[in-house]
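Written out below as structure tokens is the structure these notes cover.
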Amino acid sequence: MTESDKIIQIMPAESWVATYQDEDGEDQVSELVCFALVESEDEGKVYRSVRPMIWGEEGMIDFADEADTFTGLSHISSAE
């Protein structure tokens, strides 16, 4: 998240997980806390996107898609 990013709204993310690939090439999952509607500005233009959020280090909520090992999202019923 950059300084120009602003969270507009959060929505529950029940039954959704973020998928990551560990150093052995195995998939790891982390349950989502919520989805955030984020407003960003780039070169004077305003953009909105929906981004997944997870529990991060030290009890903080982080954007799941900022990790280098992030590979995608899955609904729990399709991840099983």
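Brief remarks on what is shown
- Taking every protein chain into account, the accessible area of the range 1-48 amounts to 74 square angstrom per residue (probe 1.4 Å).
- Per atom type, the chain shows carbon and sulfur on 46% of its accessible surface, probed at 1.4 Å.
- Rough spin-label spacing in nm, given labels placed 7 Å along Cα→Cβ, for Ser49 and Val29: 2.4 nm
- Backbone geometry of the range 29-45 corresponds, through the Karplus equation with coefficients 6.51, -1.76 and 1.60 at θ = phi - 60°, to 3J(HN,Hα) couplings of 10, 9, 5, 6, 8, 6, 9, 10, 7, 10, 9, 10, 10, 9, 6, x, 9 Hz, x marking Gly and Pro.
- Solvent-accessible area of Val50 with every protein chain in place, 1.4 Å probe, in Å² to the nearest 10: 90 Å²
- Simple spin-label estimate for Asp22 and Asp5 in nanometres, 7 Å along Cα-Cβ: 2.6 nm
- Per-residue SASA remark: Trp55, around 150 Å² accessible (1.4 Å probe; ligands, DNA and RNA not included).
- Here's how it looks for Ile61: its modeled amide H is under 5 Å from those of Gly56, which are all 5 or more places away or on a different chain.
- Counting only heavy atoms of the protein chains and using a 1.4 Å probe, Phe35 has close to 40 Å² of accessible surface.
- One quarter of the surface of the convex hull around the alpha-carbon atoms of the chain equals 6.3 nm², the direction-averaged projected area.
The values are calculated or read from the model by the stated rules, or taken from the named source; none is laboratory data. Since we're looking at a predicted model, the values are computed, not measured. We place every Cβ from the backbone using ideal geometry, glycine too, and count neighbours over all the protein chains shown. With ligands, DNA and RNA removed, areas are computed over all heavy atoms of the protein, side chains included. Shrake-Rupley method; radii C 1.70, N 1.55, O 1.52, S 1.80 Å.
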